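Inspection log for the structure reproduced underneath, given as structure tokens.
The values are calculated or read from the model by the stated rules, or taken from the named source; none is laboratory data. This is a predicted model, so every value here is computed, not measured. For neighbour counting, all protein chains shown are included, and Cβ atoms are generated from backbone atoms with ideal geometry for every residue, glycine included. Protein only, heavy atoms only, side chains kept; ligands, DNA and RNA dropped before computing areas. Shrake-Rupley method; radii C 1.70, N 1.55, O 1.52, S 1.80 Å.
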Amino acid sequence: MRTSAYLISTLKEAPSEAELASHRLMLRAGLIRRLASGIYTWMPLGLRIVRKVEAIVREEMNRAGAIELSMPVVQPAELWQESNRWQEYGPELLRFKDRHERDFVLQPTSEEVITEIARGELKSYRKLPMHLYQIQTKFRDERRPRFGIMRGREFVMKDGYSFHADFADLEREYRNMYDTYTRIFTRLGLAFRAVAADTGSIGGTGSHEFQVLADSGEDAIAFCPDSDYAANVELAEALAPAGGRAAPTQPMQKVPTPGKTTCEQVAELLGVPLAINVKAIALVAGEKFVLLLLRGDHSLNEIKAAKIPFLNQFRFATAAEIEQHMHCVPGYIGPVDVSGFKVVADRSVAALSDFVCGANDAGFHLTSVNWGRDLPEPDLVADIRNVTAGDPSPDGKGRLELCRGIEVGHIFQLRTKYSEKLKANFLDEKGASHPFEMGCYGIGITRIVAAAIEQGYDDRGAVFPAPIAPFEACIVPIGYHKSPAVKACADRLCADLIAAGVDALLDDRDERPGVMFADMELIGVPHRLVVSEKGLAAGTVEYKGRRDDTPSLIAQSEAVAAIRTRPASA
RNA sequence: CGGGGUGUAGCGCAGCCUGGUAGCGCGCCUGGUUUGGGACCAGGAUGUCGGAGGUUCAAAUCCUCUCACCCCGACCA
């Protein structure tokens, strides 16, 4: 490919809308252009990257035995009503009517349609197992799209669905996909980690997320450097402190803390560690008021809390509700001398002695509070907090560390959730009817492009792993339009590279070298060859990897081989 | 949905407070000089100043409403 015949639309300055590095660079490099909030055009250069990611995913999915198909983006409401997701999905599901006033949706995912396919086509156990996937445009009307393509409303996803006669076979395919995803992300050249994940509203028994490691990631990951434990913080279990509760040492005391409404302020005023302060969080679930207790240095894990049966679908209490039940303003509430509602203590709080909490009297806190002596034991002790760095690993093999990640893949064991709702059954060898055991497996194709940049960029631009770079190698001739020798050499090198299977780009624009260097670096081409009269005289060309500080001279005859043997800049 | 912010040429911005014929840099077009790290000179094109309404002799500028976009939070297979 020649730049003169291609569309390179780089910008010196990034549009002001972009904050995140990958978003700015994608705009500057001309990979994408925004059309509306969360909706982007993939420019030719960006599309090349998307296609390369797709190709690797497709190749590995096929190798793993999955079969590709393509389902409609526009789907009739009936199926969604049948699965009840027409009601459950909420405003993220974009709905509209056709000219006959019939309801339709733009697919955010395709469980309904694939299950419909399965119940029509997979009527016998003889056809199982079956894994069908598609690479298709998805639409989710995100409340707040952000970071460009990273959390867009329209995006491309690989979604696969597997059908099995029994759970054991689903587990086999789940492991197969775990291994396949590991291969895919390895081939893509990304640093990633598979982490145990919450199954969320989709239900099911097993779930792993594949997270690309990046400080800007939206997800927090807890992992143990001494073992293979890794989980999304949403899920990571916080163990009860070892050693249990110490005996009280002081009598309870009521102390004035005027104006100090946060644990941090109270701890500072009293000169005690934050970890012995207890914060009370008031919730309302259904009609019931509930008080949660956490250590001052811990934060509430709402997903864990929501798993407590009587906290299903909770919300935070309003200030008025707090005053009604606690007879005290927020900021000074606590669990001592309260009645009429349940008190749920985090495991770490239940293990405290001589702790500090609100006195249910504006401007006062209690010190040296002790369970059993100053207040009854909590109604429930549960794990309701986020783990923190240094917590013991749930597998007992060391201490947890935290890092951040970008979720690029997610695998689920759906079990029979959809097959039962949509009455998708097969007949076994005895003629008995059973709902399919199902798995589902997603990869965010377009998000991977942004994640790859988040993971590799410098002040000059993107640094793509070679397997997904828009071009693998570029040739920058100095004096292409002046020197017939330079032109001949550059043309020949480009042809040789392409013949050798290298996706090469020849920058034949009549630009100054600085412009060409800057553009090629901005779009993240991993390998660069510079052809100049100076070098030609010595029979050399100059090679520089995208991450290299300085170029090196190589013989012209070695150029193609050099690029083929250098794996990548990654 | 709550909070904050921004809309002026393709991109980045100034002008607005204090109303008086719309500007700068980059990019783009023409010609010339350049050619190893985003060149220089000369000339040129490009604007419903986000939209609607109002005040005024006069509105990018003041007022009201509205729309779009961005950031934080909440939310989210």
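If you take the alpha carbon radius of gyration of segment A:193-282 and divide it by 2.2 N^0.38 Å, what ratio comes out, to two decimals?
So segment A:193-282 has a normalised radius of gyration of 1.60.
Write down the percent of antiparallel bridges among all DSSP beta bridges whose residues are both part of chain A, to the nearest 5.
80 percent
Give me the lysines in straight-line cross-link reach of residue A:97: C-alpha distance below 24 Å, same-chain residues under 8 apart excluded.
Those lysines meeting the cut-off are A:138.
For a protection proxy built on the mean count of beta-carbon atoms within 10 angstrom, sort A:44-51, A:249-256 highest first, please.
A:44-51, A:249-256
Around residue A:408, what is the net charge, scoring Lys/Arg as +1 and Asp/Glu as -1 over all other residues with Cβ under 10 Å from its Cβ?
Neighbourhood net charge equals -1.
Count charges around residue A:460 for me, please; just the other residues with Cβ under 14 Å from its Cβ, Lys/Arg as +1, Asp/Glu as -1.
Here the count lands on +1.
log10 I(q)/I(0), Debye, Cα-only chain A, no solvent, q = 0.08 Å⁻¹?
Listed by q, the Debye log ratios stand at -0.72.
Over chain A, with the other protein chains present, what is the accessible area per residue in square angstrom, probe 1.4 angstrom?
44 Å²
Using only helices, what value at 222 nm comes out for chain A when you add -39,500 (n - 2.57) per DSSP H run of length 4 or more and divide by the total residues, to the nearest 500 deg cm²/dmol?
Estimated from H runs of four or more residues: -7500 deg cm²/dmol.
Normalised by the number of residues in segment A:253-382, what is the relative contact order in percent for Cα pairs under 8 Å and 6+ residues apart?
It comes to 29 percent, rounded to a whole number.
If you add up the charges near residue A:257, with Lys and Arg at +1 and Asp and Glu at -1, over every other residue whose beta carbon is less than 15 angstrom from its beta carbon, what do you get?
Counting the neighbours of residue A:257, the net charge comes to 0.
From the C-alpha gyration tensor of segment A:379-467, pull out the three semi-axes of the equivalent ellipsoid (sqrt of 5λ each), sorted largest to smallest, in whole Å.
Each semi-axis is √(5λ); the values are 38, 28, 12 Å.
Per residue and in cubic angstrom, what volume does the convex hull of the Cα atoms of segment A:471-565 have?
Hull volume normalised by residue count: 85 Å³.
Please give the FRET efficiency for residue A:399 paired with residue A:99, using the beta carbon to beta carbon distance and R0 = 56 Å, rounded to the nearest 0.05.
Calculated value: 0.35.
Subtracting the Cα-Cα distance from 0.36 nm times the residue separation, let me have the gained length for residue A:63 to residue A:142 in nm, one decimal.
Extra length available between residue A:63 and residue A:142 comes to 25.1 nm.
Which percent of the accessible area of chain A is formed by carbon and sulfur heavy atoms (probe 1.4 angstrom)?
Heavy-atom surface of chain A belonging to carbon and sulfur, 1.4 Å probe: 51 percent.
Are any of the pairs A:52/A:544; A:254/A:288; A:307/A:342; A:279/A:397 more than 26 Å apart by Cα-Cα distance, and if so, which?
Check vs 26 Å cut-off fails for A:254/A:288; A:279/A:397.
I need the helices of chain A that pass two filters: whole DSSP H segments spanning 24 Å or more by Cα along the axis, and mean Kyte-Doolittle score no lower than -0.5.
Sorted by number, the helices that extend far enough and score high enough are A:44-63.
With N residues in segment A:253-382, what two-decimal value do you get for its Cα radius of gyration over 2.2 N^0.38 Å?
Relative to the 2.2 N^0.38 Å estimate, segment A:253-382 comes out at 0.97.
Tell me the trypsin sites (Lys or Arg not before Pro) within segment A:112-177 that lie in a loop according to DSSP and have at most 10 other beta-carbon atoms within 10 Å.
Passing both the DSSP loop test and the Cβ count: A:143.
Per 10 Å bin, what percent of the C-alpha pairs of segment A:10-84 does each bin hold, from zero upward?
All Cα pairs considered, the percentages come to 15, 29, 26, 25, 5, 0.
Per 0.36 nm of contour for each residue apart, how much would the distance between residue A:77 and residue A:495 grow if the chain were fully extended, relative to their Cα-Cα spacing?
My answer for the length gained is 145.2 nm.
Taking Cα pairs under 8 Å and at least six residues apart, what relative contact order does chain A come out at, in percent?
Normalised by residue count, the contact order of chain A is 17 percent.
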